[in-house]
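Step one of this worksheet: look at the structure below.
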Amino acid sequence: MPDIAVVKAEFFRAIAHPVRIRVLELLSDAERTVGELQAQLGLEQSHLSHQLGVLRRAGVVVTRREGSSVVYALDDPRMAEILTTARRILLDAATRAQRGLAAS
């Protein structure tokens, strides 16, 4: 059985890109087609496809066909919780840093 620390590192490596984070944030709200993601992110189709492929291979997102469109969704809704928790941690850290600067 693989070491859980290694598996966690691979998981975080799979989501560790600004575009992939933004895709996951969008998918946290609702499933989206590639065209919708492209329009909202303003990316070239090839770049977006590459990032979606990374997320799909890592098992973070799933796809389904809807007519001629491919629809993406989070594989596990708890991913939204991870993103929300990370945002809170970062905002709290920024607030603490600002307070520290103000106090000095």
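Points worth noting:
- Taking the longest Cα principal axis of the chain as reference, the axis of helix 18-29 is set at about 80 degrees.
- Diagonalising the gyration tensor over the Cα atoms of the chain and scaling each eigenvalue by 5 before taking the square root yields semi-axes of 29, 19, 12 Å, largest first.
- Taking θ as phi - 60° and the Karplus parameters 6.51, -1.76 and 1.60, the scalar couplings of segment 85-101 work out to 5, 4, 4, 4, 4, 5, 5, 5, 5, 5, 5, 4, 5, 5, 4, x, 5 Hz in sequence order, x denoting glycine and proline.
- Taking the chain as a Gaussian network of alpha-carbon nodes connected by springs under 10 Å, the highest mean-square fluctuation of the residues Val61, Val23, Val71 belongs to Val71.
- Residues in segment 10-48 that a label on Glu66 would reach, taking backbone N under 19 Å of a point 7 Å out along Cα→Cβ: 23-42
- Rounded to the nearest 10 degrees, the inclination of helix 45-57 to the longest alpha-carbon principal axis of the chain is 80 degrees.
Values in this text are rule-based calculations from the coordinates and carry no lab data. As the structure is a prediction and not an experimental result, all values here were calculated from the model. Every residue, glycine among them, receives a Cβ derived from its backbone with ideal geometry; neighbour counts consider all protein chains shown.
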